[in-house]
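Taken together, the values in this text are just the output of simple stated rules run on the coordinates, not laboratory data. None of these values were measured; they are calculated from a predicted model. Note that each Cβ is placed from the backbone with ideal geometry, even for glycine, and that neighbours are counted across all protein chains shown.
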Amino acid sequence: MKKILFLCMSFPPMMTEGASRAFKFASCLPSLGWEPVVIGLHSVSGPEIEQVPFEIYYAGKEYSTREVDAGKLFRIVHGLSEKKFSVRGFSGSNGLGSVEKNWLKKAKSLARKALDENPDIEMIYAQAPSFAPNRLEKTIMHSGHCVTMPSRELKELFLRKYQGEIFHDDISIVKNGYDPEALQLCGAEEEQGGLMRWVFHVDRVDRGNDLKRFFSALSSLVSAQPAVRGVFSFAFTGSGSRDVRRYAKKYGLEDLIEADAVWSYRHELELWMGADIICLVLGSAEGNGVFIPERLFDTPGMQASIAGIVPDGLSKQCILDVGGRTVPIDQSEAIAGFLQESFTLWRSRQLPVVREAATESYHIRSTMQDFIREVAVRLPVA
């Protein structure tokens, strides 16, 4: 079997952007005649951790669920600082943070080792960070290697940004998709009659504005209809959910939150599959208009009701395309009305679910066809 080397700082157990996409590629490749060899970041061990059927070298730290609490694990796997409420990320527009620098140094050594031990590696999948510093981004775009992006809109964005420097054939599109086998393994929690389960996936939010507006709207709905306290069940996922408990307590909603910090894909998927409604809460900052959280692409395989409290842009369009509903993130009163409408639709059993066409379009087999086609184009003819 041919082998492919994955150089992925974002790879499970990490839950940073790019991890889900890379894991799905690696998991599906063996059935197509390719064996993945992965160099990831941190490892997490424990009885709750599922084993993967391929080799992974870790270039970061080792953690154990027996020794690290859920809150710290949450910050680790989401790439946040171990100091509460602080984002680690990149240090500047032209430089990498210490975690990224350390990973690159060790990953380089591990890559040489992997190539020496696996002379049948024919292809390298190198993952760029979601927020690459300008210098690194330029290096990647001018490298001459195949660059793949998950959407036509992103491709067009980079073609405009590097107009005259890179061209149409320099960027390929390999869209994201859901893996039905992974969803079947998770399964949904047992339905509790009379309980409306909401899952809010919170990403790239500003604590001072976006979360304040969101919780203000949520609080006004609960205050206007006190009876919903016995009906609503809230769970929060995504890196932005690190501040949720603090805001929920401030607005008197803490008793409605059912799930603690979510630090594994398995737990996250289980919550999503058991939800009556899945709602993306995406911040209003500039740049979020071209961002779609990877987890959103799992929803077409769940037959769930999808909603979004989002700015104009790709996430909004994606949600509408699959049959969901949206409301602007910067309008508190509109958010409150939207939440009320969602409750009314649920109570009358009229919440819309994902369109059948989207279920077929976002299936992982379609994604893997695109991926393998790109691999075939790049490999020399034997």
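Of note:
- Ranked packing of 24-30, 179-185, most packed first, by mean Cβ within 10 Å: 24-30, 179-185
- Binning the C-alpha pair distances of the chain at 10 Å intervals from 0 yields a P(r) profile of 5, 22, 33, 26, 11, 3, 0 %, listed from the shortest bin outward.
- Put in line by how crowded their Cβ is, counting other Cβ atoms within 10 Å and starting with the fewest, 201, 142, 267 read 142, 267, 201.
- Local electrostatic count, residue 66, Cβ distance below 15 Å [Lys/Arg +1, Asp/Glu -1]: -3
- The translational diffusion coefficient of region 103-168, from Stokes-Einstein at 37 °C and 0.692 mPa s with a Kirkwood hydrodynamic radius over alpha carbon pairs, comes to 234 µm²/s.
- Ordering 45, 342, 20 by the number of other Cβ atoms within 10 Å of each residue's own Cβ, fewest first, gives 45, 342, 20.
- A simple count of charges around residue 26, restricted to other residues whose Cβ falls under 12 Å of its Cβ and scoring Lys, Arg +1 and Asp, Glu -1, yields 0.
- Packing-based ranking, highest mean first, of 349-359, 2-12 given that Cβ atoms within 10 Å are counted: 2-12, 349-359
- Springs between Cα atoms under 10 Å define the GNM used for the chain, and in it the highest mean-square fluctuation of 203, 116, 321 occurs at 116.
- Percent of Cα-Cα distances greater than 22 Å, calculated over region 189-359: 37 percent
- Mean residue ellipticity at 222 nm, helices only, the chain: -11000 deg cm²/dmol; runs of at least 4 DSSP H residues each add -39,500 (n - 2.57), and the sum is divided by the number of residues.
- Compactness relative to 2.2 N^0.38 Å, alpha carbon Rg of region 258-382: 1.24
- Among 171, 166, the order by Cβ neighbours within 10 angstrom, fewest to most, reads 166, 171.
- For the cross-link pairs 3/108; 2/105; 212/250, the ones whose C-alpha atoms lie over 20 Å apart are 2/105.
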